[in-house]
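K.L.:
Just dropping this structure here.
The values are calculated or read from the model by the stated rules, or taken from the named source; none is laboratory data. Keep in mind that this is a model prediction, so the values were computed, not measured. Neighbour counts run over all protein chains shown; Cβ positions are idealised from the backbone, glycine included. In case anyone asks, the SASA skips ligands and DNA or RNA and just uses the protein heavy atoms, side chains included. Shrake-Rupley method; radii C 1.70, N 1.55, O 1.52, S 1.80 Å.
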Amino acid sequence: MKNELNSKYDPKQVERKWYELWEDGGYFHQSPRSDKEPFCIVMPPPNVTGSLHLGHALDNTLQDILIRFRRMQGYNTLWLPGTDHAGIATQARVEEQIAQEGLNKYELGREKFLERVWDWKNEYGNTITRQLRLLGASCDWQRERFTMDDGCSKAVREVFVRLFKKGLIYRGNYIVNWCPKCQTTISDIEVEHKDSKGNLYHIKYPFKDREGFIVVATTRPETMLGDTAVAVHPEDERYKELIGKTVILPILNREIPIIADSYVDPAFGSGAVKITPAHDPNDYEMALRHDLPHVVVINKDAVMTVEAGPYKGMDRYECRKKLVADLAQKDFLLNIQEHEYALGQCYRCDTVIEPLVSPQWFVKMKPLAAPAMEAAHKGDVRFVPERFTKVYLNWLENIRDWCISRQLWWGHRIPVWYCDSCGKEICSMEDPDNCSECGGSLTQDPDVLDTWFSSALWPFSTLGWPEETADLQHFYPTSVLVTGRDIIFFWVARMLFMGIEFQKQVPFYHVFIHGLVLDSLGRKMSKSLGNGVDPIEVIDKYGADTLRFMLVTGNTPGNDLRFHYEKLEGTRNFANKIWNASRFALMNLHDYDPKGELGSLALADQWILVRLQEVINKVTECLDKYELGEAARSIYEFTWNELCDWYIELIKPRLYGKVSEESRKTAQAVLYSTLSRTMQLLHPFMPFITEEIWRHLPGDRGSIMLSDWPRFKEVKDKAPVVKMRLLMEIIKGIRNIRNEMNVPPGKKAEAIIFLKSEEADKAVKDNLEYIEILADAYPIKLVRELAKKPDKAAAVVVYGAEVYVPLEGLIDINVEIKRMEKELATIEKDLNLVKSKLQNEKFLRKAPKEVVEKEQQKQKELYAKYEVLKERMARLIEE
RNA sequence: GGGCGAUUAGCUCAGUUGGUUAGAGUACUUGCUUGACAUGCAAGGGGUCACUGGUUCGAGUCCGGUAUCGCCCACCA
């Protein structure tokens, strides 16, 4: 075996090598023709325009951990990767590119432009998938998909046509969210509401038939040019008699009616609302109820139309300024109040959304939402953590129809044609040649679908639907969806209702939600703040294993986590610790024969094997419950604090052959097996270093990622743990004395250990060398009787034993008294606590027997210590 | 306006059916070139678990309220 391992772990030496071997070896790929139980995750497809950020790194690390865990457990495991065509983002990227050539997309034409986008995608679109490989993602690249590949496009078409025929997709002229910059509609959830400071303008609208005016309040005065009514609450005493009267719209001098509608809140503003059906969603709704005309005063570029009269051609904000000035000058402006309100902005470019009426395509949501909600109610789909169920349900309960058409070129073209002659609307799976009604020529709807429309089909489109593929049958419904909580509405909810509609089954059983990766100050990472951390740089510097482990430790499902370099360094140190422990093991396993006979187990062997089983159990349970942070923590603690700090130290003399050949072989066997299993437990978290170590360990066992997950075997006999605890306490006690009393490191410390029971005596006697090795104590005298307690000695009292370290000349009596005082104080405190519990009748009556017994045992132990300490204190003070 | 989360050691966080003495990492103090590791070893200091009321034999953990911070949702112009 080649053991020339460097004393520092260098991830660069191993990561790429193993990834290539795994991928080339087809280890990530599984056939759907398997008797094994399937376990499948579809990867949330990152945008083709994207490069890996820490959010992706976290999301994919979590998925990879689950996948590697289940794969080792023997599931037929599929992690299906892919990318999203990301309509607006990608199109914008290419528009920028051609702009540098002095072109725009109209000059290029739709067809040519799309060619350019595909070129761009082919050239740059795999950046992120390359980066995912660096992270160690064990997804099946042979099944990699793209939301606009042939299969996904076919699924999109099929879904559209079916929903259309069912009446769940319709076209209508409704008010939508329009982004004047992106020049497209966006859906309700793509509008981000940000609190902003603005004004509430109070404007006088004079009556037509009499003196006076009614005052309306608005935050957007420029829209008044499109007003077609003023509304008041029907019960509002102030305005009751005005209902039905006519007012004159200032500036434009248009006559508009005063109407009554209970939507109006009499307590807000003046209690009278100007109604602009073409530019406000609420007003639009009200116009429907009252059959009011629309006057469009703002166009798609956010520029005032001809209807705006003197303001025609002005930008909407320029118009506002001018109009307010004009109103003031003509005495129509009553006053201006400062007013804070939620301003709708485009999620992509932050431009203020302009609501406008336009013919668009919609998905009728109520019929789809109902079964999706039921699935959560029935538990067919379960959110982890559970609290996100409410977020999901709450959104679906209040859902409105989903606007799916986008005025873009890059995306799935809406499969609807209009007859140029008779106007017939044709929606079909196959592109029609001419009108089925009149034979006239056809024009296809120019719009494309919302990117999320195709993402919504991802769990089944990627498995081959609409074909009834073996993959689909075997892997659908998928096992779990792992994603950030920011995407529950955009994606999770939509996949659920589409999955239920088209597969009659939920797309996944569990939704595992994680939080965001924040910067060290708890802020979101963003380009504008410049506080982003590039995971690829982190991998380059610290290794993928370190990044992965750091991202999952100390984190709980659904909660955000902060990124600290200190934490990264701590994790890097852990990787190095593992590396060196393994290096040590390898140095001592060069002649180890896995098939050799096993001698009798020493106490340390028995102890570490019990602990190993407990850790196997804990880690497996935690992974089952998606408590990845807890799982990682227990491996960390076991590896460092038990395996390295105690076990390896204890077996050194045996490995060096200082005890016996048989003992050496046994230590080798236990070390080998414990280290192997630990590496397996750790593998899902740190795939590279564990593979590297695994391959160096004796025996050719192939790849660790294909090895069998350690199976928990309960060890009934916990006596080794009890015995070890006694020895550890004695050792720690002596170490403490050495430190406090400044015993020079090299100097052996003499110890007298008074054992109070047969068992304790035996445990210590049989393992005396542990104390010698780890506490540097020698000679050690064991006694069963102690008539006279040693003077001029430092003492440590543990349950079952008293340890004395004679320190003639070295001992400072005052230091010793202080030590004793401190010890006594804590024991006294604990003892009082236990006593009061045990004196409490109710406790004795109501608490479970085990708990009472535990307390009694505790009292016994504390009391024994207390007695000895008390007596010793008295004597020390006497002197 | 509603909902959710957080509040535990100087800092960052664990603590998931209520039950040993509330833990870790980091920082800090002291001592160590100990035949894997100074990215290390040993020892140590540091917490009225935000506040408040309740349920319980027993609360960091469950329930009610308050405060501060953060996030999400929302068509009062």
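K.L.:
How many of the residues in the stretch A:259-294 are within 16 Å of RNA strand B (Cβ to nearest atom) and part of a loop (DSSP other than H, G, I, E, B)? It would help to see each step written out before you state the result.
P.N.:
Taking the stretch A:259-294 and keeping what is within 16 Å of RNA strand B (Cβ to nearest atom), we get A:259-290, A:292.
Adding the requirement that they be part of a loop (DSSP other than H, G, I, E, B) leaves A:261-271, A:276-280, A:292.
Residues meeting the conditions: 17.
K.L.:
Could you check the stretch A:38-60 and list, in sequence order, the residues that are open to solvent by 10 Å² or more (accessible area, probe 1.4 Å) and outside any loop (DSSP other than H, G, I, E, B)?
P.N.:
Within the stretch A:38-60, A:Pro38, A:Phe39, A:Asn47, A:Gly55, A:His56, A:Asp59 qualify.
K.L.:
Moving on to the next point. Name the residue that is farthest from A:Tyr863 (Cα to Cα), counting only residues in the stretch A:795-815 that are in contact with a strand residue (DSSP E or B) (Cβ under 8 Å, 6 or more places away or on another chain) and either open to solvent by 60 Å² or more (accessible area, probe 1.4 Å) or within 12 Å of RNA strand B (Cβ to nearest atom) (or both). Before you say what the answer is, go through the steps one by one.
P.N.:
Quick first cut of the stretch A:795-815, residues in contact with a strand residue (DSSP E or B) (Cβ under 8 Å, 6 or more places away or on another chain) only: A:795-797, A:800-807, A:811.
Add one more test, that the residue is either open to solvent by 60 Å² or more (accessible area, probe 1.4 Å) or within 12 Å of RNA strand B (Cβ to nearest atom) (or both), and what stays is A:796-797.
Working: A:Val796: 15, A:Val797: 11 Å.
Restricting to residues being in contact with a strand residue (DSSP E or B) (Cβ under 8 Å, 6 or more places away or on another chain) and either open to solvent by 60 Å² or more (accessible area, probe 1.4 Å) or within 12 Å of RNA strand B (Cβ to nearest atom) (or both), the top hit is A:Val796.
K.L.:
If we scan the stretch A:544-554, do we find a residue that is within 22 Å of A:Thr690 (Cβ to Cβ), within 8 Å of RNA strand B (Cβ to nearest atom), out of contact with any Asp or Glu (no Cβ under 7 Å at 6 or more places or on another chain) and in a helix (DSSP H, G or I)? I'd like the intermediate steps shown before the answer.
P.N.:
Here is the first cut: in the stretch A:544-554, the ones within 22 Å of A:Thr690 (Cβ to Cβ) are A:544-554.
From what is left, the residues that are within 8 Å of RNA strand B (Cβ to nearest atom) are A:553-554.
From what's left, out of contact with any Asp or Glu (no Cβ under 7 Å at 6 or more places or on another chain): A:553-554.
If we keep only those that are in a helix (DSSP H, G or I) as well, we get none.
Scanning the stretch A:544-554 turns up no residue that is within 22 Å of A:Thr690 (Cβ to Cβ), within 8 Å of RNA strand B (Cβ to nearest atom), out of contact with any Asp or Glu (no Cβ under 7 Å at 6 or more places or on another chain) and in a helix (DSSP H, G or I).
K.L.:
Turning to a different aspect of this structure: Where in the stretch A:683-798 are there helices (runs of 4 or more DSSP H), lying wholly inside it, with at least 3 residues that are of a type in the set (A, V, I, L, M, F, W, C), over 30 Å from A:Leu62 (Cα atoms) and out of contact with any Lys or Arg (no Cβ under 6 Å at 6 or more places or on another chain)?
P.N.:
Values: elements: A:687-696, A:719-740, A:758-766, A:768-775.
Here the list reads A:719-740, A:768-775.
K.L.:
Scan the stretch A:148-155 and tell me whether some residue there is open to solvent by less than 20 Å² (accessible area, probe 1.4 Å) and part of a helix (DSSP H, G or I).
P.N.:
Looking for residues that are open to solvent by less than 20 Å² (accessible area, probe 1.4 Å) and part of a helix (DSSP H, G or I), one finds at least one in the stretch A:148-155, hence yes.
K.L.:
Another question, if that's okay. Out of A:Arg130, A:Arg110, I need the residue that is surrounded by fewer than 18 Cβ atoms within 10 Å (Cβ to Cβ) and within 22 Å of A:Phe549 (Cα to Cα). Which one? Spell out how you get there, then give the answer.
P.N.:
On the way: A:Arg110 fails: within 22 Å of A:Phe549 (Cα to Cα).
Within the list A:Arg130, A:Arg110, the selection yields A:Arg130.
K.L.:
Also, I was wondering about something else. Take the stretch A:366-398 and flag every residue that is under 30 Å from the mean Cα position of the chain (by Cα), open to solvent by 10 Å² or more (accessible area, probe 1.4 Å) and under 18 Å from A:Leu163 (Cα atoms). Steps first, answer last, please.
P.N.:
Restricting attention to the stretch A:366-398, the residues satisfying the condition of being under 30 Å from the mean Cα position of the chain (by Cα) are A:366, A:368-398.
Next cut, open to solvent by 10 Å² or more (accessible area, probe 1.4 Å) only: A:366, A:370-371, A:373-374, A:376-380, A:382, A:384-391, A:393-395, A:397-398.
Residues satisfying the conditions are A:Lys366, A:Ala370, A:Pro371.
Condition check ((1) open to solvent by 10 Å² or more (accessible area, probe 1.4 Å); (2) of a type outside the set (A, V, I, L, M, F, W, C); (3) more than 10 Å from RNA strand B (Cβ to nearest atom); (4) touching a residue at least 12 places away in the same chain (Cβ under 8 Å)) across all residues:
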{"site": "A:Leu586", "(1), (2), (3), (4)": "no, no, no, yes"}
{"site": "A:Gln606", "(1), (2), (3), (4)": "yes, yes, yes, yes"}
{"site": "A:Val615", "(1), (2), (3), (4)": "no, no, yes, yes"}
{"site": "A:Ala631", "(1), (2), (3), (4)": "no, no, no, yes"}
{"site": "A:Trp646", "(1), (2), (3), (4)": "yes, no, no, yes"}
{"site": "A:Arg654", "(1), (2), (3), (4)": "yes, yes, yes, yes"}
{"site": "A:Arg664", "(1), (2), (3), (4)": "yes, yes, yes, no"}
{"site": "A:Ala667", "(1), (2), (3), (4)": "no, no, yes, yes"}
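K.L.:
Sort out which residues of the stretch A:506-533 are more than 10 Å from RNA strand B (Cβ to nearest atom), open to solvent by 60 Å² or more (accessible area, probe 1.4 Å) and not polar (S, T, N, Q), and write them in order of number.
P.N.:
A:Tyr509, A:Lys527, A:Leu529, A:Gly530
K.L.:
Looking only at the stretch A:491-534, how many residues end up being of a type in the set (Lys, Arg) and at pLDDT 90 or above?
P.N.:
Number satisfying all stated conditions: 2.
K.L.:
To continue, here is another question. When residues of the stretch A:170-223 are filtered for being touching a residue at least 12 places away in the same chain (Cβ under 8 Å), open to solvent by 50 Å² or more (accessible area, probe 1.4 Å) and basic (Lys, Arg), how many remain?
P.N.:
So the count comes out to 5.
K.L.:
So in the stretch A:321-348, with the set limited to residues that are aliphatic (A, V, I, L, M), within 14 Å of RNA strand B (Cβ to nearest atom) and under 19 Å from A:Asp280 (Cα atoms), which one is surrounded by the most Cβ atoms within 10 Å (Cβ to Cβ)?
P.N.:
Initial filter on the stretch A:321-348 (aliphatic (A, V, I, L, M)): A:323-325, A:327-328, A:333-334, A:336, A:342-343.
Still in the running and within 14 Å of RNA strand B (Cβ to nearest atom): A:334, A:336, A:342-343.
Checking which are under 19 Å from A:Asp280 (Cα atoms) leaves us with A:342-343.
Working: A:Ala342: 11, A:Leu343: 16.
Selected residue: A:Leu343.
K.L.:
Still on this structure, please answer the following. Can you tell me which residue within the stretch A:534-543, out of those that are crowded, with 23+ Cβ neighbours inside 10 Å and away from RNA strand B (no atom under 12 Å from the Cβ), is nearest to A:Phe388 (Cα to Cα)? Step through it out loud before you land on a result.
P.N.:
We begin by selecting, within the stretch A:534-543, every residue crowded, with 23+ Cβ neighbours inside 10 Å; these are A:535, A:539, A:543.
The next check asks that each one be away from RNA strand B (no atom under 12 Å from the Cβ); those that pass are A:535, A:539.
Values: A:Pro535: 28, A:Ile539: 32 Å.
So, considering only residues that are crowded, with 23+ Cβ neighbours inside 10 Å and away from RNA strand B (no atom under 12 Å from the Cβ), the one nearest to A:Phe388 (Cα to Cα) is A:Pro535.
K.L.:
Sticking with this structure for a sec: Counting only residues that are under 30 Å from A:Lys181 (Cα atoms) and exposed (fewer than 14 other Cβ atoms within 10 Å of the Cβ), how many does the stretch A:426-448 have?
P.N.:
2
K.L.:
Return the pairs, sorted by first residue and then second, in which the second residue is more than 7 Å from RNA strand B (Cβ to nearest atom) and open to solvent by less than 10 Å² (accessible area, probe 1.4 Å), the first residue lies in the stretch A:550-576 and is hydroxyl-bearing (Ser, Thr, Tyr), the beta carbons are less than 6 Å apart, and the residues are 6+ apart or on different chains.
P.N.:
A:Thr553/A:Ala632; A:Thr571/A:Thr546; A:Thr571/A:Phe549; A:Thr571/A:Met550
K.L.:
Output the residues belonging to the stretch A:820-879 that are more than 12 Å from RNA strand B (Cβ to nearest atom) and open to solvent by 80 Å² or more (accessible area, probe 1.4 Å).
P.N.:
A:Tyr863, A:Glu867, A:Lys870, A:Glu871, A:Ile877, A:Glu878, A:Glu879
K.L.:
State all residues of the stretch A:323-371 that are of a type in the set (Val, Ile, Thr), under 12 Å from A:Tyr201 (Cβ atoms) and out of contact with any Phe, Trp or Tyr (no Cβ under 6 Å at 6 or more places or on another chain); if no residue qualifies, say none.
P.N.:
Step one: list which residues in the stretch A:323-371 are of a type in the set (Val, Ile, Thr), which gives A:324, A:336, A:351-353, A:357, A:363.
Of the ones still in play, those that are also under 12 Å from A:Tyr201 (Cβ atoms) are A:324, A:336.
Of everything in the stretch A:323-371, just one residue is of a type in the set (Val, Ile, Thr), under 12 Å from A:Tyr201 (Cβ atoms) and out of contact with any Phe, Trp or Tyr (no Cβ under 6 Å at 6 or more places or on another chain), namely A:Val324.
K.L.:
Related question: Determine, yes or no, whether A:Glu318 is touching a residue at least 60 places away in the same chain (Cβ under 8 Å), away from RNA strand B (no atom under 13 Å from the Cβ) and either surrounded by fewer than 19 Cβ atoms within 10 Å (Cβ to Cβ) or part of a loop (DSSP other than H, G, I, E, B) (or both). Steps first, answer last, please.
P.N.:
Working: touching a residue at least 60 places away in the same chain (Cβ under 8 Å): no; away from RNA strand B (no atom under 13 Å from the Cβ): yes; either surrounded by fewer than 19 Cβ atoms within 10 Å (Cβ to Cβ) or part of a loop (DSSP other than H, G, I, E, B) (or both): yes.
Against the criterion (touching a residue at least 60 places away in the same chain (Cβ under 8 Å), away from RNA strand B (no atom under 13 Å from the Cβ) and either surrounded by fewer than 19 Cβ atoms within 10 Å (Cβ to Cβ) or part of a loop (DSSP other than H, G, I, E, B) (or both)), A:Glu318 does not qualify.
K.L.:
If only one of A:Leu463, A:Leu472 is of a type outside the set (Asp, Glu), buried (at least 22 other Cβ atoms within 10 Å of the Cβ) and either touching a helix residue (DSSP H, G or I) at 6+ places or on another chain (Cβ under 8 Å) or outside any loop (DSSP other than H, G, I, E, B) (or both), which one is it? Walk me through it before giving the result.
P.N.:
Working: A:Leu472 fails: buried (at least 22 other Cβ atoms within 10 Å of the Cβ).
Matching residue, one of A:Leu463, A:Leu472: A:Leu463.
K.L.:
Considering the stretch A:295-315 alone, what residues qualify as being open to solvent by 30 Å² or more (accessible area, probe 1.4 Å), assigned to a loop (DSSP other than H, G, I, E, B) and free of Cβ contacts under 8 Å to residues at least 40 places away in the same chain?
P.N.:
Taking the stretch A:295-315 as the starting set, the residues that turn out to be open to solvent by 30 Å² or more (accessible area, probe 1.4 Å) are A:296, A:299-301, A:303, A:306-307, A:309-310, A:312-315.
Pick out the ones that are also assigned to a loop (DSSP other than H, G, I, E, B) and you get A:296, A:299-301, A:312-314.
Matches in the stretch A:295-315: A:Asn299, A:Lys312, A:Gly313, A:Met314.
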